[in-house]
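The values are calculated or read from the model by the stated rules, or taken from the named source; none is laboratory data. All values derive from a computational prediction rather than experimental measurement. Don't worry about glycine lacking a Cβ; one is built from the backbone with ideal geometry, like all the others, and counts go over all protein chains shown. Accessible surface areas use protein heavy atoms only, side chains included; no ligands, DNA or RNA. Shrake-Rupley method; radii C 1.70, N 1.55, O 1.52, S 1.80 Å.
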Amino acid sequence: MDLIKLDQDYILNTYKRLPIEIVKAKGSYLYDQMGNKYLDMFAGIAVSSLGHLHPKVIQAMKKQMKKNLHLSNYFVSEPLVDLAKGLVSKSFASKVFFTNSGTEAIEASIKLARKYGKTISPNKFKIITLSESFHGRTMGGLTLTAQPKYQESFLPLLPGITYVERNNIKELRKAMNRDVCAIFIEMIQGESGIQVLSREYIDELIKLSKEFKVLIVADEIQTGLLRTGKLFAYEHTNLIPDVLTLAKSLGGGLPLGAMLVSKSLEDILKAGDHGTTFGGNPLAAASGLATFTILSSAIMIQEVQAKSDYLFEKLNSLKNRYKIIKEIRGKGLMIGIEVGEFADKIKNEALAKKVLLNVTNQTVIRLLPPLNMTYKDLDIFLNIFESIFISINTNKNG
Ligand SMILES: Cc1ncc(COP(=O)(O)O)c(C=O)c1O
């Protein structure tokens, strides 16, 4: 049975699958059917923050599976309440709405922002997003995603959305006015190659949003839950968001997203205004709660910061030695390595050497390793990574 061929025969071809079949996943490693072991440097695109099959997460899931798998949002759910309580206690937020995915957390935020706008004026429905942003694939999320390559085939999009250039304060000032209800930002843009918002830009954004009563929606679907070395990426700045979206690692490997809202927005959405069948599923919540408990612990936060310092130091040293590396960007364990035309070659060579790398925006190696990856495994990655630069250099010069 050739699973890769069957996949091509029966599943819509919307992904560029890797040419390997994974039969087992444990910690920071994936195993294929030939017995090969691969070091996972992108953790399911920032989902598996505790690596694969973390024992505490599995234990929490097993416990929940004995109680129920789905009851519907007509019933209260203990793991969901505990997870919401945890998120609220560690953030600016006072309440949470749970979804299945990131893009649905964005949809919920668009609806919240529009309804908030209407409480002030019927014209206050405009939304601003930044160039090269990524906010999801549903029509609302796609409209906010300021990248023509994702949008072109699906026009027309949602009306009332303005795009401004990332980190361009002049453009931001021009776009902000009383008709804007919200601006959606990623503190660090993930999909477009780990692009960090500048401090000056964020400070101006804080000022303008107060002046024009514009909600700041921090899309932390990728940056959230310790990925950047703080539990939330906004903690690196002076910004306190009005709304924050989470997904990816929130469910500890199961589909779970969330919209966190500040106290003043708690009553905007009323019963019946918004909903979802599966959002906040008890099994995903149990897995998410076990994951969050570990990710939000002081020791884990310290550990990630130390590993980040270690990795950045080693990568910067590589950059000094290999001209192919143009820039290293990011924070925590969300790192972009700009390598121009060599990105795919590096990814393929790494795969041959049993290291899984992710390329985003064509020229950037995006590192999103499990946050609990050991130093030994980080060193294995660094050695293999350097060996690839050595071989590219030799081939270029030889
Ligand atoms: C910043 C950001 N927002 C939204 C999304 C969409 O999330 P999902 O794929 O869960 O719908 C992603 C996914 O990559 C993301 O990185």
For the stretch 321-332, pairs from a residue that is of a type outside the set (Lys, Arg) to a residue that is at pLDDT below 95 and open to solvent by 20 Å² or more (accessible area, probe 1.4 Å), with Cβ under 7 Å and 6 or more apart or across chains, are TYR322/ASN393
Pairs returned, first residue in the stretch 161-173 that is at pLDDT below 95, second residue that is among the basic types (Lys, Arg), beta-carbon separation under 7 angstrom, 6 or more apart or interchain, are none
Reported set for the stretch 126-156 where residues are of a type outside the set (Ser, Thr, Tyr), surrounded by fewer than 19 Cβ atoms within 10 Å (Cβ to Cβ) and away from the ligand (no atom under 16 Å from the Cβ) is PRO148, GLU152, LEU155, PRO156
Just to be sure before I move on: is GLY252 closer than 13 Å to SER49 by Cα and either away from the ligand (no atom under 11 Å from the Cβ) or touching a Cys at 6+ places or on another chain (Cβ under 7 Å) (or both) in the structure I sent? yes
Just checking, does the stretch 203-213 include any residue being of a type in the set (S, T, N, Q), open to solvent by less than 20 Å² (accessible area, probe 1.4 Å) and free of Cβ contacts under 8 Å to residues at least 60 places away in the same chain? yes
Scanning the stretch 131-157 residue by residue, those more than 19 Å from LEU246 (Cα to Cα) and among the hydrophobic types (A, V, I, L, M, F, W, C) turn out to be ALA146, PHE154, LEU155, LEU157
Some residue of the stretch 252-270 being closer than 16 Å to ALA60 by Cα, in contact with a Gly (Cβ under 7 Å, 6 or more places away or on another chain) and either crowded, with 19+ Cβ neighbours inside 10 Å or among the β-branched types (Val, Ile, Thr) (or both): yes
Filtering the stretch 107-144 down to residues that are charged (D, E, K, R), part of a loop (DSSP other than H, G, I, E, B) and farther than 30 Å from TYR15 by Cα yields LYS124
Among helices (runs of 4 or more DSSP H) entirely within the stretch 1-106, at least 3 residues that are crowded, with 16+ Cβ neighbours inside 10 Å, β-branched (Val, Ile, Thr) and more than 18 Å from the chain's Cα centre (by Cα) occur in none
Just to be sure before I move on: is GLY102 within 11 Å of the ligand (Cβ to nearest atom), touching a Lys or Arg at 6+ places or on another chain (Cβ under 8 Å) and in contact (Cβ under 8 Å) with a residue 40 or more places away in the chain in the structure I sent? yes
- Message: Can you say whether GLY275 is open to solvent by 10 Å² or more (accessible area, probe 1.4 Å) and either more than 16 Å from the ligand (Cβ to nearest atom) or touching a helix residue (DSSP H, G or I) at 6+ places or on another chain (Cβ under 8 Å) (or both), as far as the supplied structure shows?
- Response: yes
Any residue at all in the stretch 177-195 that is free of Cβ contacts under 8 Å to residues at least 12 places away in the same chain and either within 12 Å of the ligand (Cβ to nearest atom) or not polar (S, T, N, Q) (or both)?
no
